[in-house]
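The values are calculated or read from the model by the stated rules, or taken from the named source; none is laboratory data. Just so we're clear, the structure is a prediction, and the values are computed from it rather than from any experiment. Cβ coordinates were reconstructed from backbone atoms using ideal geometry, including for glycine residues, and neighbour counts include every protein chain displayed.
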């Protein structure tokens, strides 16, 4: 008997907060941080503080990352075309990956400068450091607050939020350094805090970088339980088996799935397909699913095996 294949591809809209709102938040946070980077670099050189310069370098990478994230959001709104059939949604994945790599480069530069300062200590203007870092604490805290209401399930937005939150903590540490240097001659404290900043950034960045890399390699997104999805599909009425199940991230917020369902009794009808599509979206966060129905009369080996 000839095997019949029926394909149903349902594009389900996945609604997030308005891109225009994201754009305004990103614009305000970027402007605030660019202004502060200028102030921090200037006073970092004046006060001979590696802690301030380290924080400024980190903030520069954050500004670049925010610009990348903002650009990716704009690209993700582009409609699919004959050349980009999923649109440009994956630009958000590339932005998150680049963001993480920028942070690693910044960490290397900060660490090298701090190590040199241990062998060549420099007197630091403690009170200047304190006032500048206090301003940073205010700006970074405000930036984190603005981003806090964004969708935390999007690693693009989560990266921006976590960076601002980490920056606020780092600024607090630099304030402590400034106060200590005002009343002591512990010049080793400035490069020590710089290395601590590097450690904090690395810890906060590693998970983000790993998740972005996995998404860029079309791995199953971290919020998806592939085993549970396979079990769900196999227990559907009329389904005797499944194969060629593939799940990947279209963007940092949308997931796609393709699967072959073996149904010996024949095609169950569009109503059944629509129900499965809706349940995959609601229960498993799969926003774009393609189901292929097979009668199971022949073997269908996966081309990727």
Picking from 279, 299, 271, which residue would you name as being outside the structural domain of residue 95 (by TED's automatic domain parsing), out of contact with any strand residue (DSSP E or B) (no Cβ under 7 Å at 6 or more places or on another chain) and at pLDDT 95 or above? 279
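With respect to residue 201, is the statement that it is within 30 Å of residue 72 (Cα to Cα), buried (at least 16 other Cβ atoms within 10 Å of the Cβ) and either out of contact with any strand residue (DSSP E or B) (no Cβ under 7 Å at 6 or more places or on another chain) or not assigned by TED's automatic domain parsing to the domain that holds residue 93 (or both) true?
Against the criterion (within 30 Å of residue 72 (Cα to Cα), buried (at least 16 other Cβ atoms within 10 Å of the Cβ) and either out of contact with any strand residue (DSSP E or B) (no Cβ under 7 Å at 6 or more places or on another chain) or not assigned by TED's automatic domain parsing to the domain that holds residue 93 (or both)), residue 201 qualifies.
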Are any residues in the stretch 211-233 in a helix (DSSP H, G or I) and surrounded by 14 or more Cβ atoms within 10 Å (Cβ to Cβ), and if so, which ones? 211, 212, 213, 214, 215, 216, 226, 229, 230, 232, 233
Any idea how many residues of the stretch 92-114 are more than 25 Å from residue 219 (Cβ to Cβ) and loosely packed, with under 14 Cβ neighbours inside 10 Å? 2
Looking at 63, 29, 37 in this structure, which one is over 22 Å from the mean Cα position of the chain (by Cα) and in contact (Cβ under 8 Å) with a residue 12 or more places away in the chain? 37
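How many of the residues in the stretch 217-238 are in contact with a helix residue (DSSP H, G or I) (Cβ under 9 Å, 6 or more places away or on another chain) and modelled with pLDDT under 90?
Matching residues across the stretch 217-238 total 1.
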When you scan the stretch 155-174, do you find a residue that is crowded, with 18+ Cβ neighbours inside 10 Å, within 19 Å of the chain's Cα centre (by Cα), closer than 27 Å to residue 211 by Cα and at pLDDT 80 or above, even just one? no
Condition broken by residue 89, with the remaining ones in (1) touching a helix residue (DSSP H, G or I) at 6+ places or on another chain (Cβ under 6 Å); (2) modelled with pLDDT of 75 or more; (3) surrounded by fewer than 20 Cβ atoms within 10 Å (Cβ to Cβ); (4) outside any helix (DSSP H, G or I) satisfied: (3)
